[in-house]
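**Student:** Here it is, the structure in full.
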Amino acid sequence: MSFAMALPVAFVVSYLIGSLPFGVILARQIAGVDIRKLGSGNIGATNVGRVLGKKYFAIVLALDCLKGALPTAGLPFLVSNSTSSADAERLHLAVLSGVAAILGHMFPCWLGFKGGKGVATALGVVIVLAPLASAVAFAAFLLCFASVRIMSLSSIVGACAFCGVEMWRLMPAPFSGPTWSLATFSTLVPLLIIARHRTNLVRLFRGEEPRFQFGKKESGVTDDRQPMTQSRDDPSPPLA
């Protein structure tokens, strides 16, 4: 398939894969509840862990990572030519696929385009695109989380660490040549993730952001929505 034909195919397929709401599906199948109405209202692993416990946190985290990693790793091979520009085209296609998967999680068509914040899906994407920066970002996330046990702050720290390390790795001219798409991804996607955490940032500045702890699946679910319920005036989806 030519590069021009592969671009729209990769975007649509990646978006649809990324938009699969595994947190919603799992909570409905396991506990018979709508996870969007419990805890923080989040569709991702964080809220599933709060409501259903660590086992289901791990399952949703893995699935959300995979829906970012699989299209990013697999769809670049739609470009079948062996010209000198094929490697650059595959990199651009991988970046496009990753972005589409993240957007799918953030704005899933199945849920009225109201999704999560894309952290786990972005993790799956960056593991494929930039393993070194991903390892540093994950270490930064773990250090921050071990210190404060606040998931939103740890996710923001990890996103910033990824941006810094990847831009350093792509120096001296990250936005030129075949790496321009990766450099653009490495700056804009962390900024998008931070922007999606804007309500969490407000709570952080107020000292109101709660520390993370797992819930227990007892009598269906545990509802801890008191400290995490989103303001009715803010239509944005909560933490993912």
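Just so it is clear, none of the values below were taken in a lab; they were calculated from the coordinates. This is a predicted model, so every value here is computed, not measured. Here Cβ is always computed from backbone atoms with ideal geometry, including for glycine, and neighbour counts include all displayed protein chains.
**Student:** Name the residue from F205, F22, F141 whose Cα lies farthest towards the positive end of the charge dipole of region 3-206, charges +1 on Cβ of Lys and Arg and -1 on Cβ of Asp and Glu.
**Tutor:** Looking along the dipole axis, the top candidate is F205.
**Student:** Taking other Cβ within 10 Å of each residue's Cβ, how do C65, C109 sort, fewest first?
**Tutor:** Working: C65 19, C109 11.
Going from least to most buried by this count: C109, C65.
**Student:** Near L78, within a Cβ-to-Cβ distance under 12 Å, what is the net charge of the other residues, with Lys and Arg +1 and Asp and Glu -1? Show your work: numbers first, answer last.
**Tutor:** Values: positive: R90; negative: E89.
Around L78, the charge tally is 0.
**Student:** Now, a different point. Would you mind ranking V51, V128 by Cβ crowding within 10 Å, fewest neighbours first? Provide the component values of the computation, followed by the final result.
**Tutor:** Working: V51 28, V128 19.
With the fewest neighbours first, V51, V128 line up as V128, V51.
**Student:** Order by neighbour count: H105, H197, fewest other Cβ atoms within 10 Å first, most last. Provide the component values of the computation, followed by the final result.
**Tutor:** Numbers: H105 30, H197 25.
Final ranking by Cβ density, sparse to dense: H197, H105.
**Student:** On to the next question. Can you tell me the alpha carbon radius of gyration of region 110-166 divided by the globular rule-of-thumb value 2.2 N^0.38 Å?
**Tutor:** 1.19
**Student:** Still on this structure, please answer the following. Consider the candidate values (i) 53; (ii) 41; (iii) 56; state which one is percent of Cα pairs over 25 Å apart computed from the structure displayed.
**Tutor:** Comparing each candidate, only (ii) matches the computed number.
**Student:** Scaled to the compact-protein estimate 2.2 N^0.38 Å, what is the alpha-carbon radius of gyration of region 1-104, rounded to two decimal places? All intermediate terms of the calculation are to be shown ahead of the outcome.
**Tutor:** Numbers: Rg = 16.7 Å, N = 104, 2.2 N^0.38 = 12.8 Å.
After normalising by residue count via 2.2 N^0.38 Å, the value is 1.30.
**Student:** Any idea how many Lys pairs in the chain come in under 23 angstrom at the alpha carbon, given 8 or more places apart or on separate chains?
**Tutor:** Taking the Cα cut-off of 23 Å, the pair count is 16.
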